[in-house]
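What follows is a short report on a single structure.
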Amino acid sequence: VVLRPGSGSRQQDPAGGTDGLALASDPGGTLNFLAMVENLQGDSGRGYYLEMLIGTPPQALNILVDTGSSNFAVAGVPDPDVTSYFNAELSSTYRSQGVEVTVKYSQGSWTGVLGTDVITMPKGISGSYTINIATILESENFFLPGVKWHGILGLAYDALAKPSSSVETFFDSLVRQAKIPNIFSLQMCGAGLPVSGSGTNGGSLVLGGIEPSLYTGDIWYTPIKEEWYYQVEILKLEVGGQNLELDCREYNADKAIVDSGTTLLRLPEKVFSAVVQAIARTSLIQEFSSGFWTGSQLACWDKTEKPWSLFPKLSIYLRDENSSRSFRISILPQLYIQPILGIGENLQCYRFGISSSTNALVIGATVMEGFYVIFDRAQRRVGFAVSPCAEADGSPVSEIEGPFTTTDVASNCVSSVSFHEPVLWIASYALMSLCGIILLVLIVLLLIPPRCQHRYTDNDVVNDESSLVRHRWK
């Protein structure tokens, strides 16, 4: 049930609240959130996936849950790294739109053809729904060895949909056809477990609301700054309770997003360097290989030892819905010092679950495994609550605390404008054209030789990108 918040942004648990959203019934009867509990499998190293039935007769596929992209796409031809694919020729309800689509991620890409077909979810909303589906015909570094999914479910906004925002997203189609509230929530249960173990961990994708059994305490909400990715505003970071003392705009350069399809916590380069220095300074390890921090080396300890006690906790401050307040989400080392593999009988090896990024701060699975995360699109906000499955050795590995005052930070920490909206693109192109004309006149007047002119390459093309789950260690 979606509940009405109590004071500020903390959400209380009185039964029967509706949070201003009508809890609709789906075609098959009452919306049953408990039926969606434990409908995900996977791990942070290879992603969390949902079983779907696609087409007529239904073909069962595992679909990666990705809040950092917006296309629903499935393998449409055999691939060495997938065990199943969707054969459109065998579905009597498939309709091709004849439109080619290419999606590039920060790691990997695919090209396919848009079409529509019916889907059902064995552990989701009952009923069948007609959805836009891209069948993947070619891919590069998208399907990877060891992954157990056969497609991707992009749950971000239509602004990121390819080839254009006119392609209705999966969740928008579901809201329209099933008449469910425009909200979903996500719990991934892999805290303290091997990031790519032999088995799979559980998780839950609740479509249309919030399931109270999936969190404890209060839900704290932060506004969505822009509706493309789930972009939020980060005010500061602390390592071991010590503020990094960076300009808050550094944390949001050039955006800060919540993305379940990203394996790690990714930080802008300046922030990453500060975090590594702070962790190294406050940890109980005197000397540590730089390769561990960059992801090129693992660190191994005797299996009888638990290295987590050697490292500090990491806190991220988010702006509250009341802009004069903030709250912090904290992860203990059990979430960012991640077990990878055992060597022999005595050693357990770990990786650093944080990496640097050139264009975003990304709250990925490293952090999300500590929380029940609510994507409240109706009220343009993202909520965080402590997840009861975020435990290691019986102790919680995540915390939420607040409220805190924001008098010590700027009134707006998001400095750059996101040029993904059509009007802004038109304005930017108009300004670029004007500058180009002026520059051309100057070139003619100054008789600059043609060889000095800039020749555009593929590197000048900017694509909306989200991070795709893949192994990041060597």
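Summary table
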item: Leading residue by the ranking (nearest to residue 404 (Cα to Cα)) among those in the stretch 197-231 that are surrounded by 22 or more Cβ atoms within 10 Å (Cβ to Cβ) and among the small types (Gly, Ala, Ser); result: 209
item: Selected residue (criterion: modelled with the lowest pLDDT) from residues of the stretch 238-287 that are among the polar types (S, T, N, Q) and assigned to a loop (DSSP other than H, G, I, E, B); result: 286
item: From the options 155, 193, residue that is outside the structural domain of residue 66 (by the TED database) and under 26 Å from residue 387 (Cα atoms); result: 193
item: Qualifying residues in the stretch 77-97 (those that are within 16 Å of residue 108 (Cβ to Cβ) and not charged (D, E, K, R)) - the one surrounded by the most Cβ atoms within 10 Å (Cβ to Cβ); result: 82
item: Segments classed as strands (runs of 3 or more DSSP E), wholly inside the stretch 122-231, with at least 1 members that are farther than 27 Å from residue 46 by Cα and touching a strand residue (DSSP E or B) at 6+ places or on another chain (Cβ under 7 Å); result: 129-140, 216-223
item: Conditions (1) modelled with pLDDT under 95; (2) touching a His at 6+ places or on another chain (Cβ under 7 Å): number failed by residue 159; result: (1)
item: From the options 383, 370, residue that is touching a residue at least 60 places away in the same chain (Cβ under 8 Å), under 20 Å from residue 312 (Cβ atoms) and small (Gly, Ala, Ser); result: 370
item: Some residue of the stretch 276-289 being closer than 27 Å to residue 221 by Cβ and open to solvent by 10 Å² or more (accessible area, probe 1.4 Å); result: no
item: Check on residue 234, under 30 Å from residue 125 (Cα atoms) and either surrounded by fewer than 18 Cβ atoms within 10 Å (Cβ to Cβ) or not assigned by the TED database to the domain that holds residue 106 (or both); result: no
item: Restricting the stretch 329-349 to residues that are open to solvent by 10 Å² or more (accessible area, probe 1.4 Å) and farther than 15 Å from residue 194 by Cβ, the residue that is modelled with the highest pLDDT; result: 332
item: Any hit, the stretch 144-151, residues being within 17 Å of residue 54 (Cα to Cα), more than 21 Å from the chain's Cα centre (by Cα) and open to solvent by less than 30 Å² (accessible area, probe 1.4 Å); result: no
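The values are calculated or read from the model by the stated rules, or taken from the named source; none is laboratory data. Just so it is clear, the structure is predicted and the values come from calculations on it, not from any experiment. No Cβ is skipped: glycine too gets one built from the backbone with ideal geometry, and neighbour counts run over all protein chains shown. With ligands, DNA and RNA removed, areas are computed over all heavy atoms of the protein, side chains included. Shrake-Rupley method; radii C 1.70, N 1.55, O 1.52, S 1.80 Å.
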